[in-house]
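What follows is a single structure, written as C-alpha cells, with notes after it.
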Amino acid sequence: MEIEKAPDIGFCFGVRRAVDMLEKVVAERGRLETLGAVVHNQQVLERLERMGVTVARDIKDIRGDAVAISSHGVSPQVEAELKAKELDIINTICPAVHRAQVTARRLAEAGFLVVIYGEANHPEVKGLLGWAGDKGIATMDSSFISGLGRIPRRIGILSQTTQIPSQFVAFLKEVLDSAFTRDSEFRAIDTICHDIRKRQADALDLAKKVDIMLVIGGRSSANTRHLAELCATVTETHHIETADDIRRSWFRGKRHIGVTSGASTADQTIDEVLVRMAELAGR
C-alpha cells in the first residue's frame, strides 16, 4: 500500500501566524482569552488551552484585560465593543480575510448591494457582513438574488475566503444571468485565499491518482469540508479528525492512498495519521 501526501498540508500561513502570535502572547502573560475559537480545530484548541489560552464565547464572558480576535475576523461593531471595554486587543485575523473585509467595506461605500458567497453562520462571513453595514447579504443560493422584491441596479459579489473557486464562478454566472439588466452594474471580486486555492487544486490532482483519499481536519472547519467535498467528486474520500477515526475496512483492495489536510490541522495530528496508516500497510 502506497501512501502519498499532498504538497500543501498542515497549517496555512494565516493559521500559522495566528497560532504563533497566541503562543508568544500567552508565554508573556501566562493566560489569554480569545473571542470565539481562533481556528476550527479541536486538537489545536486543546493544545493552546494547556498553554493558557481559553475561549470566551461572547464579549460578556471575557474576564481578563486582554483578548485575541480569531483568524476569522470580526465586524467593526464587535471591535468597537471590545475597545469600549478598554481591552488590550491582539488581532490574529488572517490577511486574506482582512482583504475581503476591506473589499466589502469599499463596495458598500460605493453604493453596491454586497453579496457574500458563503455560509451565513460562519464567523468569517458574519464579520464580512458587519463590514458591509446594512448593504450586505450572505447566500450560496443564486435564486435568492433573483427572488429579491426589487433587484438593486448595482451588485458587488465577493466570496468567503475558503470556498471552492469553481463553485464561486458558477454562482457568479447564475447571478449574472438572473440579475444583469438594462443600466445595471455588476462587480465581482475574487477574495478566495491563494493558499486555499492551491491546496484544493493539489488535493484534487492527488485524488485523481489514488484509490482513496483521507482529508484530515476539524468537523467544524469549512475549508476541510470543502476539501473533502472536492476530493469526493473523483474518488472515495473520508473526512477524519484524528488517527482514531481511521477504519481498516476502508483500505481493502486499495493500493494507493492519498492524504491531505485542512488549513488548521496541526503537524502532530497529520503525523499520527501517517503512523497509523504505516501500521496498517505493514499488516
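The values are calculated or read from the model by the stated rules, or taken from the named source; none is laboratory data. Keep in mind the model is a prediction, meaning the values are calculated, not measured. Virtual Cβ from ideal backbone geometry, glycine too; neighbours counted across all protein chains shown.
Within the stretch 119-136, the set of residues being of a type in the set (A, V, I, L, M) and either assigned by TED's automatic domain parsing to the domain that holds Gly73 or surrounded by 15 or more Cβ atoms within 10 Å (Cβ to Cβ) (or both) comprises Val125, Leu128, Leu129, Ala132. In the stretch 213-228, the qualifying residues are those that are touching a strand residue (DSSP E or B) at 6+ places or on another chain (Cβ under 8 Å) and surrounded by fewer than 20 Cβ atoms within 10 Å (Cβ to Cβ), and the one that is nearest to Asn41 (Cα to Cα) is Arg219.
For Ser143, which of the numbered conditions (1) closer than 27 Å to Gly73 by Cα; (2) surrounded by fewer than 22 Cβ atoms within 10 Å (Cβ to Cβ); (3) assigned by TED's automatic domain parsing to the domain that holds Leu107; (4) hydroxyl-bearing (Ser, Thr, Tyr) fails to hold? Every listed condition holds for Ser143 apart from (1).
Screening the stretch 56-67 for residues that are of a type in the set (Val, Ile, Thr) and touching a helix residue (DSSP H, G or I) at 6+ places or on another chain (Cβ under 7 Å) and picking the one that is farthest from Val78 (Cα to Cα) gives Val67. Only helices (runs of 4 or more DSSP H) whose full extent lies in the stretch 165-283 are considered here, and the ones with at least 1 residues that are not assigned by TED's automatic domain parsing to the domain that holds Ala100 are 194-207, 222-232, 267-281. Within the stretch 94-118, being in contact (Cβ under 8 Å) with a residue 40 or more places away in the chain, crowded, with 17+ Cβ neighbours inside 10 Å and closer than 16 Å to Cys193 by Cα holds for Cys94, Ala96, Val97, Ala100, Thr103, Ala104, Ile116, Tyr117, Gly118. Here Ala132, Ala108, Ala96 are screened, and the one residue that is modelled with pLDDT of 95 or more and in contact with an Asp or Glu (Cβ under 8 Å, 6 or more places away or on another chain) is Ala96.
One residue alone among Val210, Val175 is surrounded by 13 or more Cβ atoms within 10 Å (Cβ to Cβ), under 25 Å from Ile257 (Cβ atoms) and either of a type in the set (Val, Ile, Thr) or touching a Lys or Arg at 6+ places or on another chain (Cβ under 8 Å) (or both), and that residue is Val210. Within the stretch 20-55, the residues that satisfy the criterion of being of a type in the set (S, T, N, Q) and farther than 15 Å from Val78 by Cβ are Asn41, Gln42, Gln43, Thr54.
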